[in-house]
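Okay, structure first, notes after.
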Amino acid sequence: MKGLVLVWILLIVSCVGCRTLDGKMQHQVGQPRDKLIEEFGPPDREINIGDGRTVVWYQPWGRNPADYPFGTCLEIFHFNKKGIVTSASAHNCVGVCLGPYCWTSLK
């Protein structure tokens, strides 16, 4: 029984600072573009919607969708005309982050 309690304590302590991928992404809402790039790196793709707004996305497992025939994880961010993140969403993926490191998997 003591061993089980110790395992639970170690799990809880080791996950202090853990957060979900969605939590890490939602933390970027309201932040400028530079902060997003500082946290996630340069985006894999970017589209200017035409009215000054921009959409960027990341594919954490690679840039070729053919590498993932069962689906592709996409992390998508929308920016307003001033370059501020207005929304963030993950499509077809879930993840856990510890500090700056995240591990994702397909839903």
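Sorted fewest first by neighbouring Cβ atoms within 10 angstrom, Ile37, Ile84 come out as Ile37, Ile84. A cut-off of 5 Å between modelled amide H atoms, ignoring neighbours fewer than 5 places along the same chain, links Thr20 with Cys97. Measuring between their Cα centroids, segment 72-96 and segment 18-43 lie 8 Å from each other.
Spacing of the modelled spin labels on Asp22 and Asp44, each 7 Å from Cα toward Cβ, amounts to 2.1 nm. In this simple spin-label approximation, Asp34 and Asp51 carry label points 7 Å from Cα along the Cα→Cβ vector, and these lie 2.8 nm apart.
Values quoted throughout were computed directly from the atomic coordinates according to the rules given, and no laboratory measurement underlies them. These numbers were taken from a predicted model, which means no experiment stands behind them. All Cβ positions, even for glycine, are placed from backbone atoms using ideal geometry, and neighbour counts span all protein chains on display.
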